[in-house]
Each structure stands twice: as C-alpha cells, then as structure tokens.
C-alpha cells in the first residue's frame, strides 16, 4: 500500500531528495559533530602535553579491538541506550528531565533491595522482579518531579537535578547504614542472590542479556512515539501545549507519562548495573550515565532508534577514555568535554539546517 | 541540646549563613541579569565551576587573591561567551546549550585540575577576614557577622549596584524590555542581540565570581565539582525572589542559612540522625521553595525564547 498513486517521476525524485536530505540530517550532521568534537578533544590533549592522535586510535579502534573490548563497550552501551531512548520520550514532550542519574540510583536501590532480600526463587522470576522494581522506582523518582511540575508548575529542570543529589545522599546513607554489608570494610550492600544475576551472554566478557532488552525497548519506544496514538499525543504536547489543550488532550497527564517513561528506563539501567555488572550497590555505581544519556538523546535527534547508534558511540568514547587513562594517563573526564561539544554542535547544526531549509 | 540553643552559636550560624550564601548571591544576581533579558541560563553551574578553577589557577600562580578573583570573573565570561554565541547568534535551545555548558565546565575543570594540580595537593592563600570597626565590637553578633572577608561584604554593594543598573539606568530599562518585548527594542533601533550578549556576559561574570569565592574565600583549594549544585539552586533562588536583585540577596541568605544549619547539625552526632539527611537539606529545600512559589508572576515574558529579528 504505497500512498502516492499520482506521483510521477517528478514526485518520486522530490521524495528521494527529501529522503536524502533527512538522511543527511540524521546521520551525516551528527557524525560531523562527533568528528569535530573528537578533534577538539585531540587539540586539548595536544595543548596539555598528551598524545592527541592517541584519542582517535583508542576511541575508534582500540574500543573494538577484540572480543573483550567489544564486550566492555557494549556493556556500557546498555545504560546509555536505555536512558537515551527514555529521554527521547521526555524531550519530545518538552519535559527537560535532567535527573536520569538520580532515577538510575533509585532503580539501583530498589533492585538491590529485591535482589538481596529474596532467596531461592527461580532465576527468571527473580530477575524479572529485580527489573520491575528498578523500573518502578525510577518511574517513581521521576514522577515526583513530573507531579510537582504538573500540580505546582515547579520547573522540572531544577527539581530533577535536586532529586539527583537527594538520590545520591540516600544511596550513600543506605550503603553506610541500613543496607551495609556487615562484613565489608568498604561501604557497599550485600551481594545480590545468585538467582538475581543477569545472565552473561558472551564468554570472557561481562556483557549480559540487558543489551537485548535495551535494543528491544528502544525499538518499542520508537513504535510508541511514532506509531501509536499515545505517543502522538506526547509529541503534540511537546510541540505546543496550547494546541494540545485546544485539541482536548490532557497536557499534565501526557507530561507525567513521558517523564515516568524516561524515569523507568533510567531505573531499569540502574537495576541492570547492580544485577548485571557490580552485583552490589555502591555509592558511585554510575560514572554519570544519567547525564551522558542527555547527550545520547540529543545526538539521536530524540529518536529512540537513533539512541541505539548514539548510545553505542558514547559507550565507545567512554571505554576509549578508560583505555586512555590506563595507557596514556589522560584524565578520563575528557569524555565530558567531548560530550559537551557534541551537544553544542548538534543543536547548532539542527538550527542552521532548519534555517537553510526555510530559505530554500 | 543546650549547645544548639546557645546564643553565640546562633550568631555564628548567622555569620556562616552569610558566608555560605555568598556564592549563591553572586550566581543569583548574574542569573537575574540574564533572565531579565529573556535568557534562561541553566549553565551557571558550569560557569561557576570554570570561575572556581581559573580563580584557583591564577591565585596559585600569582599568590594574589585579587588577581585570582579577576581570573575567576574572566573565566566565567569566557565560557559565558560560548553560551551567548550558541543561544543568541545561532539561536539554539537555551536549555540544551546550558546543559552542554555544564558538561563542558565540569569536564574541562576536572581534566585540567587532574592534569596539572591534583598531585600538588597545595592550597592557595585566601581572602582574610576584615573586622568592621564598631560593628564587629557589638556583643554576640558583632564578631560573628562583621569579621568576614571582603568578598562576603561585597555582596551588599553589588546587590545594590545590580538594582541600580537594572532599574535606574536606561541600559537596565532597555535590557528589561529585551526580556519583555524585544520587538519594541528593535523598533527604536537597538540591537536585541547586543543586549542579550551583555546580559549573558555580565551574568557569567557574576557566576565566575561566585565560583572563585569558593576557592579563594571559602576553602583554599579547588575540588572537582566544588560548586555541588549551587548553580542550580541559584535558579530556584531567582524564581523565589521574583527576578528582583534585592530579593535574590535575601532568598540566597535563606539558603545560606540552610547550608549553615546543615553543617551545624552534621556536627551533632548525638542527635542520631544520619549526616546524609542533613546534606540533602539545601536540595530538598530548593524543591519545596519551587513548590511554594506557585505562580510565575514577575517572570520576563520572553524568558527562554530566542529572538528572531
């Protein structure tokens, strides 16, 4: 069922050129942004006395050099894809959820509670419970900010950031207090029951089943946003809350839905970190995945499918920056600088591209 | 418990409130400038961090606090210029650019600090307290309130200065018009973009000063993420203060009080409350403040909207 019966060769050509243009916008511009940002990173390294070329070599080659490196890169892609895809929904709704980091911690806490308190369940059941607990806790933590926005007009930008700090302090209290592993010197929770561990899928790597879940959920959110009525309403609210209201949509409910979806995805990422990677709750379980997810979503043009690619890319940057730290003593925080530049370039290209189209 | 009710302790807490409010006052004053011109700058955190770092680095190299403060201001303005180019000239989304500025500020300062300073472990000389004649001799509150360093005292004249500039000069009038009704400014032949650049850079200078206070007037060292959310709290301060500089001063003082009380309570292990609960206090209060201030009355009409002229 193609819907262009009357379009002749001209129509087809126009359609192809539109497709080409949208391909350029979706792939070439983001790729250019990443290359320029990496070049800026290399310049910074060069200026501060490091080996600038090592940046490209390590990030784009070494992070994919062998099974182990690929496994570690994909392992980092799991939280980034989950969070990035979730944030696409919130950002499409015009909700600026900057609190994925806190929502990740909320999910990790809940997953740890469920993972350490139950014993002897069938693994499939226990893992499912852990995952659901994480997602619900993340949705709840985001829902606080969403509800305050809808009910009181409190800026979700500020409240989600504040809730990040609260979640961090909460975690710090739990792993030094009530949830502390009695025998451990270091603040950490007890180990999750073995039945609650995410199964690993490639030998000699820590890569776990969560990668498939992340890919599936990113696809699902794409379908939700672009193929379902509920997702359409979320997008209309984001484009113009007034228009949505005029069309009889419940703006507040859609906002709440969008932020809770993004929170659930971040909470899930937190659950996967404890159940799949660390097996315990620590104070610093995330190296900033929640903030990185913002860059993932923006680079993807707020498209959950795109978040798979951009999440993978940022995962490569992160494992590359770890290698850089180990091999060349380059501080790993370099990756934040590159992310910041990527975001700036992506929004700039977006605006400039739109202006060019208007002129034509 | 007697300790908590002790009058001297109350006075000391008040003095500490002012000191702890100082970075917030500067950041909020800067944000008032930017937001009055219609620019929502959520990148203050990154600008403060940059100022904290450049201030520290300059004072480390020169041994001079004033030079450090100047470098802090310039550092804030340098990254503020990036924000201005992308939001005003490119007209990109202000929230997204602000988020990028925060990442840049955090990443760059942490990167440079780890590369050049972390192994030195050295501090810098910081601004010394100055006793104000007569006032510092007042019983109880005198010593607590009026033996601060010059940067803390500077919050008062600078708040006044911001008020004068915004409400008693033609520059301020035009700047506020840019935030309310930019077309009217463009119609009389003035550049909306130029005013927004000015407002952002002045705001960034204040944020840089607030950051530099942390390394040069509060602790004597740079620590990664030393601002720990103060730039974001300043956003809430501005809303609560209804975009008034004088209001921002007093609201920031209130938040300074939260910080001071939090520190006092942390030092009371006999209360049996985990210290993390107290640490969370300023952040929770920020959320509560935003909930209490329900209306956005007083907000510039064009806040967050790029001007397409």
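Couple of notes before you dig in:
- Scanning segment B:116-134 turns up at least one residue that is facing chain A (nearest Cβ under 10 Å) and over 25 Å from residue B:249 (Cα atoms).
- Yes/no for residue A:288 being at the interface with another protein chain (Cβ under 8 Å from one of its Cβ atoms) and surrounded by fewer than 24 Cβ atoms within 10 Å (Cβ to Cβ): no
- Only listed residue being under 23 Å from residue A:134 (Cα atoms) and touching a helix residue (DSSP H, G or I) at 6+ places or on another chain (Cβ under 9 Å), chosen from A:196, A:243: A:196
- Those helices (runs of 4 or more DSSP H) of segment B:190-309 in which at least 1 residues are under 18 Å from the mean Cα position of the chain (by Cα), within 14 Å of another protein chain (Cβ to nearest Cβ) and under 30 Å from residue B:59 (Cα atoms), considering only elements entirely within it, cover B:230-240, B:245-266, B:281-292.
- Flag if residue B:27 is in contact with a helix residue (DSSP H, G or I) (Cβ under 8 Å, 6 or more places away or on another chain) and closer than 30 Å to residue B:175 by Cβ: yes
- Single match in A:104, A:113 (criterion: at pLDDT 95 or above, away from every other protein chain (no Cβ under 14 Å) and over 21 Å from the mean Cα position of the chain (by Cα)): A:113
- Tally, over segment A:313-359, of residues that are crowded, with 20+ Cβ neighbours inside 10 Å and away from chain B (no Cβ under 11 Å): 10
- Of residues in segment B:285-305 being at pLDDT 85 or above and surrounded by 17 or more Cβ atoms within 10 Å (Cβ to Cβ), the one nearest to residue B:183 (Cα to Cα): B:302
- Residue match in segment A:71-94 (condition: in contact with a strand residue (DSSP E or B) (Cβ under 7 Å, 6 or more places away or on another chain), surrounded by 24 or more Cβ atoms within 10 Å (Cβ to Cβ) and either under 30 Å from residue B:97 (Cβ atoms) or touching a residue at least 24 places away in the same chain (Cβ under 8 Å) (or both)): no
- Residues that are surrounded by fewer than 20 Cβ atoms within 10 Å (Cβ to Cβ) and within 7 Å of another protein chain (Cβ to nearest Cβ) were ranked within segment A:145-154; the one that is nearest to the chain's Cα centre (by Cα) is A:153.
- Residues in segment A:156-172 that are within 7 Å of chain B (Cβ to nearest Cβ) and crowded, with 21+ Cβ neighbours inside 10 Å: A:157, A:158, A:159, A:161, A:162, A:165, A:166, A:169.
- Filtered residues of segment B:66-101 (kept if over 15 Å from residue A:294 (Cβ atoms) and either within 11 Å of chain A (Cβ to nearest Cβ) or without any contact (Cβ under 8 Å) to a residue 24 or more places away in the chain (or both)): B:66, B:67, B:70, B:79, B:82, B:83, B:85, B:86, B:87, B:89, B:90, B:91
- Among the conditions (1) at pLDDT 90 or above; (2) under 28 Å from residue B:88 (Cβ atoms); (3) assigned to a helix (DSSP H, G or I); (4) within 14 Å of chain B (Cβ to nearest Cβ), the only one that residue A:310 does not satisfy is (4).
- From the options B:45, B:35, residue that is in a helix (DSSP H, G or I) and either over 25 Å from residue B:127 (Cβ atoms) or in contact with a strand residue (DSSP E or B) (Cβ under 6 Å, 6 or more places away or on another chain) (or both): B:35
- Segment B:102-114: number of residues that are more than 7 Å from chain A (Cβ to nearest Cβ) and crowded, with 24+ Cβ neighbours inside 10 Å: 3
The values are calculated or read from the model by the stated rules, or taken from the named source; none is laboratory data. Because the structure is a prediction, the values reported are computed rather than measured. So basically every Cβ, Gly included, is an ideal-geometry build from the backbone, and we count neighbours across all protein chains shown.
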